[in-house]
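Trainee: Supplied in structure tokens, the structure appears directly below.
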Amino acid sequence: MLDSDIEFFDHPDNNPALISANLESDTNYINSLLTSVLAVLVKTASMMLLGIILAFSASWRMSLVVLAVVPLLAVAGAMQNEATVTIEDGSIPGGEIVHENISNLKTVRAMNCVDLSIKRFNEEIDKKVCSMWFLLYDGI
């Protein structure tokens, strides 16, 4: 950029304000990557490696059993993540109401809104079940 000709800055995509804004956002992105994401990645990888080494030094048979279960835990975590996204998306009838009530359970109970929440949930279920699209989506 420092070696560019003057004509380079005459182009609308290369004006100095836009270039400096891009440089600032890029440096902020690299800074956040190096300080938070990379630190967590290195910390997690080193903890896993140290844990595996300690486990094998304590009992190699039990360590093999635990390592065999790790892929199952990864699959279960991915399925839980997908289910959470689906519930928060609103594609499951009543999922938003359930998520909202579980997330704010103390508030719902403190405000004595449990019956109202159940009523809202039942209305949402009835509304979705009556729609033809939900029946087709559900496979009925």
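Every number in this text was worked out from the coordinates using simple rules, so none of it is lab data. In this text, all values refer to a predicted model and were calculated from it rather than measured experimentally. Positions of Cβ are generated from backbone atoms using ideal geometry, with glycine treated the same way; all protein chains shown enter the neighbour counts.
Trainee: If R₀ is 30 angstrom, what is the calculated FRET efficiency for the pair Leu38 and Leu116, using the beta carbon separation as r and rounding to 0.05?
Mentor: Plugging the Cβ-Cβ distance into 1/(1 + (r/R0)^6) gives 0.05.
Trainee: Dimensions of region 1-58 along principal axes (Cα, Å, largest first)?
Mentor: Its Cα atoms span 68, 17, 14 Å along the three principal axes.
Trainee: If you add up the charges near Ile118, with Lys and Arg at +1 and Asp and Glu at -1, over every other residue whose beta carbon is less than 14 angstrom from its beta carbon, what do you get?
Mentor: Once all neighbours under 14 Å are counted, the net charge is -2.
Trainee: Give me the number: length gained by fully extending Val75 to Ser20, i.e. 0.36 nm times residue separation minus the C-alpha to C-alpha distance, one decimal in nm.
Mentor: Length difference between fully extended and current span is 15.5 nm.
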